[in-house]
Amino acid sequence: MAGTWEVRLSGSGGQGLILAGIILAEAAVIDGQNVVQTQSYGPAARGGASKAEVIISSEEIDYPKVDRPDVFLGLNQESVLKYMAGCKENSLAIVDSGLVNYIPASLAKVYALPITETARKQVGRELVANAVALGAMAALSGMVSRQAVTTALLRRVPKGTEDMNRKALELGFALGDQAMARARVSQN
């Protein structure tokens, strides 16, 4: 967790990315890190492009904008095309394999994961795809602890949805763990 992480979460309005950015930032605070979190919305609240950016650092943060992401999340095709460019070499890019058909050339290590499909089929609600994505990001990057992201998630989700969101987060941890295990096997 040491060092600095520049994170860009992107997708369409209504996918819960702004909330995911807030939860990620809060998890980093729980872990004792310094954090800056910003967000921008497209022209339409639902359906327009949206992104949240989070900078997590053990040092003082002197510039509040993500310049070149260390971690990128793209939950739809438009956001991948618009926001994935500029990822650092060997950065981590996670895209939703069910909603992204084309992944442009990148210096990032790209993981195409069934984020929305997992939420829909295993939790019964696409609405929790953001929690699945948070779990996968935490598992693949290690930028925040699993306990901190679980605590932050449960503080921020609407009352009555805690169990559903916790299940989605744990499914995301599992997706990330499986992807990392497959990457290790293919390297050997």
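What per residue convex hull volume, in Å³, do the alpha-carbon atoms of the chain yield?
110
Two decimals is fine: what is log10 I(q)/I(0) at q = 0.09, 0.10, 0.13 Å⁻¹ for segment 1-104, from a Debye sum with one equal scatterer on every Cα and no solvent?
For the requested q values the scattering log ratios are -0.21, -0.26, -0.43.
Over the chain, what is the mean sequence separation of C-alpha contacts under 8 Å (at least six apart), divided by residue count, expressed as relative contact order in percent?
21
Can you give the accessible area per residue of segment 75-188, in Å², using a 1.4 Å probe?
Per-residue accessible area for segment 75-188 comes out at 50 Å².
Of the accessible area of the chain, with the probe set at 1.4 angstrom, what percent is carbon plus sulfur?
49
Subtract the Cα-Cα distance of Ala174 and Ser186 from 0.36 nm times their separation in residues, and report this length gain in nm to one decimal.
My answer for the length gained is 2.5 nm.
Estimate the FRET efficiency between Lys159 and Glu117 by the formula 1/(1 + (r/R0)^6), using the beta-carbon distance for r and 35 Å for R0, to the nearest 0.05.
0.85
In nm, what is the difference between 0.36 nm times the number of residues separating Glu59 and Lys109 and their Cα-Cα distance?
15.5 nm
Return the subset of Lys51/Lys88; Lys121/Lys167; Lys82/Lys167; Lys88/Lys167; Lys65/Lys159 for which the Cα-Cα distance in this structure is over 23 Å, preserving the input order.
Long pairs (Cα-Cα over 23 Å): Lys82/Lys167; Lys88/Lys167; Lys65/Lys159.
The values are calculated or read from the model by the stated rules, or taken from the named source; none is laboratory data. Just so it is clear, the model here is predicted, and its values are computed rather than measured. Cβ: placed from backbone, ideal geometry, glycine included. Neighbour counts: every protein chain shown. Quick note on the areas: whole protein, heavy atoms, side chains included, nothing else; ligands and nucleic acids left out. Shrake-Rupley method; radii C 1.70, N 1.55, O 1.52, S 1.80 Å.
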